[in-house]
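Notes follow the structure.
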Amino acid sequence: MPSILRVVQADITTLKVDAIVNAANSSLLGGGGVDGAIHRAAGPELLHECSLLGGCKAGEAKLTKGYRLPAKLIVHTVGPVWRGGTHGEPELLASCYRNSLRIAAAHGAHTIAFPCISTGVYGYPVELAAQVAVETVSSSLPQLDSIREVIFCCFSASDSAIYQRLVDALTGTSCEPVRVLNPCDDKNTFAATGDAYSGSCGGCGRRDGTGGAGH
């Protein structure tokens with residue numbers, strides 16, 4: 001069965017998936033944005049495990065438990081700092097996605113959610129980063145049979161629209177990004193497995209749900 005690509009506007013720490021990806025810094029010891037949000041939500045045990053990993057280079061990925069998150073696993077990857085696009089940034093960003101997918105698949109993950117890697121303080125233009133993300137994920141999935149669903153989790157509506165347009169162009173569908181609003185309402189919580197939802201898109205089968213603020 002082909003893997004499903006979805007776009008949601010949500011807090012990645014609330015998603016019920018096998019693995020979420022953390023846009024980390026090279027120390028892996030927490031920071032701002034989605035990195036800080038994941039560390040806060042996962043609890044102090046995450047910082048302790050990360051302290052044993054010896055950091056991480058740009059483009060590489062390392063794995064920890066999810067601890068207090070709904071996700072079982074966290075894949076930590078370090079995106080490139082944008083320096084005009086002529087210093088290997090696209091290749092490093094693509095490596096973030098490839099290596100994250102590979103390490104998640106190797107540890108039994110079937111569903112994985114990515115944030116918008118490098119588009120925050122690292123300054124990577126969202127449109128260009130989204131192109132790398134969607135193209136790299138779609139080209140990597142045929143070699144990773146265990147990955148059934150990949151979620152691009154965006155904080156803002158504008159970012160979500162960019163990712164959705166690219167996914168639609170890839171899949172030949174036309175859908176609105178899911179906005180996850182209320183993670184505390186169990187019957188409406190977004191579940192990548194599709195066991196709880198408030199609606200669905202007939203074009204791609206994406207399920208609507210609810211969740212929280214983002215990264």
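Could you pull out the residue among Gly84, Gly88, Gly79 that is over 17 Å from the mean Cα position of the chain (by Cα) and under 25 Å from Leu170 (Cβ atoms)?
Values: Gly84 fails: under 25 Å from Leu170 (Cβ atoms); Gly79 fails: over 17 Å from the mean Cα position of the chain (by Cα).
Result: Gly88 is the single residue among Gly84, Gly88, Gly79 that is over 17 Å from the mean Cα position of the chain (by Cα) and under 25 Å from Leu170 (Cβ atoms).
Look through the range 141-165, keep the residues that are closer than 15 Å to Asp11 by Cα and within 15 Å of the chain's Cα centre (by Cα), and return whichever of them is surrounded by the fewest Cβ atoms within 10 Å (Cβ to Cβ).
Ser156
For (1) small (Gly, Ala, Ser); (2) touching a strand residue (DSSP E or B) at 6+ places or on another chain (Cβ under 8 Å), each residue gets a yes or a no:
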{"site": "His76", "(1), (2)": "no, yes"}
{"site": "Glu89", "(1), (2)": "no, no"}
{"site": "Leu92", "(1), (2)": "no, yes"}
{"site": "Ala109", "(1), (2)": "yes, yes"}
{"site": "Ser118", "(1), (2)": "yes, yes"}
{"site": "Val126", "(1), (2)": "no, no"}
{"site": "Leu144", "(1), (2)": "no, no"}
{"site": "Ile151", "(1), (2)": "no, yes"}
{"site": "Ala157", "(1), (2)": "yes, yes"}
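Does the range 136-152 hold any residues that are closer than 15 Å to Leu93 by Cα and touching a residue at least 40 places away in the same chain (Cβ under 8 Å), and which are they?
Kept after step one, since they are closer than 15 Å to Leu93 by Cα, are these residues of the range 136-152: 136-140, 152.
Thr136, Val137, Ser138, Ser140, Phe152 - these are the residues of the range 136-152 that are closer than 15 Å to Leu93 by Cα and touching a residue at least 40 places away in the same chain (Cβ under 8 Å).
Here's a check for you: in the range 1-41, which residue that is under 21 Å from Trp82 (Cβ atoms) and assigned to a strand (DSSP E or B) is nearest to the chain's Cα centre (by Cα)?
Out of the qualifying residues, it is Val21.
Considering only residues of the range 28-79 that are β-branched (Val, Ile, Thr) and surrounded by 23 or more Cβ atoms within 10 Å (Cβ to Cβ), which is farthest from Thr119 (Cα to Cα)?
Step one: filter the range 28-79 for residues β-branched (Val, Ile, Thr), giving 34, 38, 64, 74-75, 77-78.
Narrowing the set further to residues that are surrounded by 23 or more Cβ atoms within 10 Å (Cβ to Cβ) leaves 34, 38, 74-75, 77-78.
Numbers: Val34: 11, Ile38: 17, Ile74: 19, Val75: 18, Thr77: 13, Val78: 12 Å.
Going through the qualifying residues, I end up with Ile74.
Please verify whether Tyr97 is buried (at least 18 other Cβ atoms within 10 Å of the Cβ) and either over 16 Å from the mean Cα position of the chain (by Cα) or part of a loop (DSSP other than H, G, I, E, B) (or both), treating the condition exactly as stated.
Here the answer is no, as Tyr97 does not meet what is asked.
One residue is enough: does the range 52-72 have a residue meeting the conditions closer than 24 Å to Ala157 by Cα and touching a strand residue (DSSP E or B) at 6+ places or on another chain (Cβ under 6 Å)?
yes
Could you give me the residue pairs with C-beta distances under 7 Å whose first residue belongs to the range 30-55 and is without any contact (Cβ under 8 Å) to a residue 24 or more places away in the chain, whose second residue is assigned to a loop (DSSP other than H, G, I, E, B) and of a type in the set (A, V, I, L, M, F, W, C) wherever it lies, and which are 6+ apart or on separate chains?
Sorted first by the residue in the range 30-55, then by its partner, the pairs are Leu47/Leu29; Ser51/Leu29.
Being touching a residue at least 40 places away in the same chain (Cβ under 8 Å), over 22 Å from Leu166 (Cβ atoms) and part of a helix (DSSP H, G or I): is that true of Ala105 here?
Values: touching a residue at least 40 places away in the same chain (Cβ under 8 Å): yes; over 22 Å from Leu166 (Cβ atoms): yes; part of a helix (DSSP H, G or I): yes.
Yes, satisfied.
FYI, it's all coordinate maths here, none of it is from the lab. None of the values given here were measured: they were computed from a predicted structure. Cβ coordinates were reconstructed from backbone atoms using ideal geometry, including for glycine residues, and neighbour counts include every protein chain displayed.
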